[in-house]
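Student: Sharing a structure here in structure tokens format.
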Amino acid sequence: MALRPDLAKIAELVPEGTRVLDVGCGEGELMEVLRRERHVDVRGLEIDPELVERCVSRGLSVVQGDADRDLADYPDASYDVAILSQTLQTAERPDYMLDQLLRIGQTAFVSFPNFAYWRMRFALLFKGRMPVTRHLPVSWYETQNIHHVTVDDFRQLIADKGVTVEGSWFFAGGREIGGGNANWRAEHAVFQLSR
């Protein structure tokens with residue numbers, strides 16, 4: 001099974017032999033690749049008990065927990081890398097979660113859907129309704145998203161927090177695109193961050 005483009009980019013960038021925490025790890029696809037191909041000591045935190053069970057049945061080290069509350073219990077600098085993929089927009093306080101990631105890990109990878117993507121803008125403009133896309137395949141009332149973040153919103157948040165951007169990558173149509181005009185061209189974004 002191929003990884004989503006944002007996860008494949010993160011897997012490529014995580015240094016071999018590091019300790020990694022994957023927050024909101026889902027079914028553990030990224031964890032499995034990191035363990036097998038990058039020889040990483042990877043742990044997961046997932047809120048959905050069924051997904052935790054699937055991870056554990058695959059031999060992955062995952063605990064059930066709510067990142068909005070439970071990240072505060074992790075010690076400072078307990079991981080080399082903290083990953084938050086497609087979960088930031090579901091957090092009660094994305095700013096707080098970002099602080100926790102950068103406290104727990106020396107480096108953080110954050111990926112999120114860009115709600116300023118041009119297809120979403122057009123759907124709102126011409127149809128007057130929240131878009132349903134292949135990456136956001138449910139209606140607005142079914143989605144877990146509670147914050148609609150854009151690339152520029154995220155850039156402003158990390159600038160306000162004094163966070164260092166080690167790298168950023170953008171994706172549309174399942175492939176990587178350049179960073180120019182990413183706020184309207186990118187469907188998804190990945191940022192590598194540090195303090």
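Student: Taking amide hydrogens as modeled 1.01 Å from N in the peptide plane, which residues meet the under 5 Å criterion relative to E166, leaving out close sequence neighbours?
Tutor: Excluding prolines and chain starts, which carry no amide H, the hits are Q192, L193, S194.
Student: Now for a different question. What value in Å³ per residue do you get for the convex hull of the alpha-carbon atoms in the stretch 153-195?
Tutor: Once divided by residue count, the hull of the stretch 153-195 is 63 Å³.
Student: Contour minus end-to-end for S194 and R54, with contour as 0.36 nm per residue of separation and end-to-end as the Cα-Cα distance? Don't jump to the answer; show the numbers that get you there.
Tutor: Values: separation 140, 0.36 × 140 = 50.40 nm, distance 3.12 nm.
Taking 0.36 nm per residue and subtracting the Cα distance, the gain is 47.3 nm.
Student: Moving to a separate point now. Calculate log10 I(q)/I(0) of the stretch 1-104 for q = 0.14, 0.15, 0.17 Å⁻¹, where I(q) comes from the Debye formula with a single equal point scatterer on each Cα and nothing for solvent.
Tutor: Taken in order of the listed q values, log10 I(q)/I(0) reads -0.48, -0.56, -0.73.
Student: In addition: Per residue of the chain, what 222 nm ellipticity follows from adding -39500 (n - 2.57) for every DSSP H run with n ≥ 4, rounded to the nearest 500?
Tutor: For the chain, the value works out to -8000 deg cm²/dmol.
Student: A further question on this structure: For the stretch 44-134, just the Cα set please: Rg and Dmax, both in angstrom.
Tutor: 16.3, 48
Student: Local charge sum around I158 (other residues, Cβ-Cβ under 12 Å, Lys/Arg +1, Asp/Glu -1)?
Tutor: Details: positive: R155, K161, R195; negative: D95, D99, D152, D153, D160, E166.
That works out to -3.
Student: Please turn the phi angles of the stretch 30-44 into ³J(HN,Hα) values with the Karplus equation 6.51 cos²θ - 1.76 cosθ + 1.60 (θ = phi - 60°), one per residue in order, whole Hz, x for glycine and proline.
Tutor: Computed from phi, the couplings for the stretch 30-44 are 5, 4, 4, 5, 4, 5, 6, 9, 10, 6, 9, 7, 10, 10, x Hz.
Student: Here is a follow-up. Taking springs between alpha-carbon atoms closer than 10 angstrom, which of L45, L157, L71 fluctuates most in the Gaussian network model of the chain?
Tutor: L157
Student: For the chain, what percent of Cα pairs sit more than 23 Å apart? Write down the numbers at each step before the final one.
Tutor: Working: 7808 of 18915 pairs.
Summing the P(r) tail past 23 Å for the chain gives 41 percent.
Taken together, the values in this text are just the output of simple stated rules run on the coordinates, not laboratory data. Treat the numbers as computed from the prediction; the structure is a model and nothing was measured. Virtual Cβ from ideal backbone geometry, glycine too; neighbours counted across all protein chains shown.
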